[in-house]
Each structure stands twice: as structure tokens, then as C-alpha cells.
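This report refers to the structure that appears directly beneath it.
Each reported figure results from applying straightforward, stated rules to the coordinates on display, with no laboratory input. Since the structure is predicted, the reported quantities are computational estimates derived from the model, not experimental observations.
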Amino acid sequence: MSRTIIVSNRLPTKVQRNAEGLTFQPSEGGLATGLGSIYRADGNVWVGWPGLFVDDPAEQAEVTERLKSDSMAPVFLTEAEIRDYYEGFSNSTLWPTFHYFSQFATYEDAHWAAYVAANQKFCEAVLALTGPEDTIWVQDYQLLLLPEMLRKARPNATIGFFLHIPFPSFELLRVLPWGNELLRGMLGADLIGFHTYGYMRHFLSAVTRMLGLPTQNGQIETPTRTVLVDAFPMGIDYERYAETAASEAALAHERTYREALRDVRVVLSIDRLDYTKGIAQRLRAFEQLLINHDEWCGKVSLLMVVVPSRDQVAQYASLKEEIDELVGRINARHGSISWNPIHYFYRSFPFDELVSLYRLADVALVTPVRDGMNLVAKEYIACKTDQRGVLILSERAGAAVELTDALLINPTNTNQLVEALHEALVMPEEEQTTRMSNLQALVQQYNVFAWTQLFMDRLAYSKIKQHTLSTD
Ligand code: G6P
């Protein structure tokens, strides 16, 4: 029987250590939900890193056993691998480069060597679990070399690859000393998926210009195989958000928040701590709103949730300081005894509280400087069961391609952002409802299950096509 293996850097269960020992926390992430029906099916498995350093053999055995019962297999990373492959090449070289932050990128041979070795380690873990005809779906930028490594060992396997972050213009990619190797790594797949056609076009152009390979209609001819490339915008589990938003628990939380905030209107922002998210720019724009439209002082608050992330990487640590400083300064300057301009939380929220925050928010401010997709925008839409609320969305998030009924802004243009905020706060209810119902129809239809299905169907098709070409 042919099986399907999912591979990603991070497993959908987070293993942590506390005083009593190890704890296992299933992820709420969209990818885990979308792929749930695949990796949990008989014989299938999800291979990845459990998210912490475990070197004690007894603990490794405990983690392996525990994850096995939920169809997962761990790849244990050493401290050096966490530093050089994960924090190093993945998050200090690839992440900034692919998000157009080349000025933050480092180019360390040792990080590259660790990246190659770690991809090899994931490859061995996958090979130990797969047969020659299995389907392997590799996820994201931490594993760009894995498709080619797998292809060498399993020439007949069906291999898919999906990139969850932007694919940048060729001009950014050519700055990397290892650009050609990365492209060749990806080309080991039968099907390569991106969130948008824009990213796909950048990839095809890089393949032609850097590797000199011919491409036509989303097809790349390598000397030995044809590789298909396509756009698959990822969605969310719409019903889960909508149903939770309508639940008694969510309503109760919302009532509590509402009482505490009294009549103050709420602008919500939720992100992982990341310089790509435009958090500092957003804070400055909110302050500018209070200056340019001072009628909002005392009447609107920004509720800002920042989820801790990658705090061992220098740029993230300094961004955290910048945000702390900005929030403190804005609150100190504009706040009063009875009103706080910004309510700032540096932590994650349980799912039902998060949903209540979405319910509560009059406006969602999703203004990344660059973002592969941005699922927060879609989550907000799914939670607005009364169809009130306005989404302000950066045109540089992948989601902007689909969510054209949002107020689309350029996050660098502070004046535009300030005016969009004002417009959102005074938008007539009828217009809110029209925009929101259009957005909801779209997000509901192209949910994460449709995304998974489309990719898997296209992957199966790519294999049939490959087979037909090779027997012609
Ligand atoms: C982005 C990436 C994912 C990554 C996630 C969290 O969404 O595309 O691959 O898992 O951020 O980042 P982390 O470094 O904590 O895994």
C-alpha cells in the first residue's frame, strides 16, 4: 500500500520541559488542521522536530513513543543544529532574504553546512519510514534541499513541495551565495506550490535565469524530468472559527472584555513577533491617528497581541525592545486615567479567547511589510458572525490577492494607513456587511481542506503526467 508522509521543520505538537518532565501540546496551527486527515490516516506519518533540545536517550524514547501514538515521528536536533541550521541559515539567511530584508541576512559558510547536514538528517528520517512508491509532501523554507535528496534515494517516489513564505524576485535570490543549490534542491519535487502566482512567477524566472532551464505554462523541463509549479492559496478551518465564535464561551469572554473596555472602540492586531509584520510601523500609524484625528482620543484603543517567536535571533530580540519602548512612549504621551491607547500582550492566547478578541474587534489591522499569506486576516473574517467589522490589510500580504474587499493599504504609507483607520472607524454598517459577506464567502469556500485536496490532487496528476512522458 502506498503511504503519504508529511515533512516539516516543526511538528504539529510542541514538546516542552517543565519541573515534572516533558509536556505535549498539540498545535492550533492551520497546517496541522489542514493536514490532519492525511497524516493521521492509517500508515501515514508526519516527520519533524519536536521544538526543543532533547539529548537524553530515555527522554528521546519517551518523545518518540508518545508522538508515535499520534502518527508523528521526531527528528531530534542537536544544540549546534538548532543554532546553525534553524536560527542560523533558516531564520537569519533564508527568512530575511525571502521577505526582502536582505540587510538583515547573514552569509555564514558554517550555517550553510549545517543546513545541508540538517536537510540530510530529515532525509534519512523520512527514508527510514518510506517505501519506493510513497508520496512525500515537504513543507517550507527550512527544507529546500530535501526534495532533491529524497529524489536521489527514491527516484520513483511522488514528491510535493510547498513554500509557505514569499518567493522573492530573482534579484534577491541571486544575492545568496547558494541560490543555485537551493533551486536545484526544490526541483527534486514533482510539484512545487506557492501561495500566489506572483511568487510562482518569481520562482520560474529564477530557474530560467540562474539555472538556464526552459519553463513554459508552469512547467519546468529538467534534463531528466518535468516539474509542475502552481499557486495554491492556503485557507483556514473556517467552520471551527465560525462555530467557536458563536459559542457561549466566546460570548462570555467577549462580554467580560466589553465591560472592561466600556464604550471604547477596538482595533485589533495579532502577530508572531517578527520584523516582517510591520508592528513598529503600525504603532506609529496608530499614534498618528490620535494626533491627526484627535476626536478618537479616549474613544478607540489598539489591542495588540504579539506572540513570542525566535527570541534567540538578534533581530527579534531588538524588535521586542523597540515595541516595548514604542508602546510605553505612546501610552505615556496620549493616555489618561480612564483610557489606555494601547493594550499590549506579549504572549499567546487560548483558542476561545482569541476568537473572542476577533469578535470584539471593530477593526483588524493586518499590516505586514511582507507576508507569504497571513491567516490572521482570514481568521478575523471567519469570526465576524454578525458581519460587522472592517479588515485593513497590507497589499504586501499574499492574502491581499484574494481579500480584495478589505481596505488594502501600503504599510509604508503612514498617511494612507491613518486615513484607512479613520475610514474603517466611521464606515457605515451597511458597507461593513457587504464587504464582510463577500470576504466570508471566499474564505469559507477556499478553506484549508480545499487547499490540501487541490494540492494532493495536482500532485497525483503530476505523477501520472511524469509517467506518460517517460513512456512516450
Ligand atoms: C512561519 C513559517 C513556518 C514556521 C512558523 C513559526 O509561518 O512559514 O514554517 O513554522 O512561521 O516559526 P517557527 O520558527 O517558530 O517554527
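Give the Debye-formula value of log10 I(q)/I(0) at each listed q (0.22 Å⁻¹), with one equal scatterer per alpha carbon of the range 88-154, two decimals each.
Treating every Cα as an identical point scatterer, log10 I(q)/I(0) equals -0.89.
Rounded to the nearest 5, what is the percent of antiparallel bridges among the DSSP beta bridges in the range 326-472?
10 percent
Would you work out the Kirkwood radius for the range 323-464? I mean one over the mean of 1/r across all pairs of different Cα atoms, in Å.
Its Kirkwood hydrodynamic radius stands at 17.0 Å.
Hey, got the Cα dimensions of the chain along the principal axes, in Å, largest first?
Principal axes ranked by extent give 70, 55, 42 Å for the Cα atoms.
Using only the alpha-carbon atoms of the range 1-98, report the extent along each of the three principal axes, biggest first, to the nearest angstrom.
38, 38, 25
Which Rg and Dmax, in Å, describe the Cα atoms of the range 234-318?
Taking only Cα atoms of the range 234-318, I get Rg and Dmax of 16.4, 42 Å.
Rounded to a whole number of µm²/s, how large is the Stokes-Einstein D of the range 170-306 at 10 °C and 1.306 mPa s, given Rh as the Kirkwood radius over C-alpha pairs?
Estimated via Stokes-Einstein, D reaches 81 µm²/s.
Given Cα pairs under 8 Å that are at least 6 residues apart, what percent is the relative contact order of the chain?
Relative contact order here is 14 percent.
Compute the orientation-averaged projected area for the range 346-421 from the convex hull of its Cα atoms and round it to one decimal in nm².
Directional mean of the projected Cα hull area for the range 346-421 stands at 5.3 nm².
Give me the percent of DSSP beta bridges within the chain that run antiparallel, rounded to the nearest 5.
That works out to approximately 20 percent antiparallel.
How big is the Cα convex hull of the range 83-208 in projection, averaged over all directions, in nm²?
Projected area, direction-averaged: 7.1 nm².
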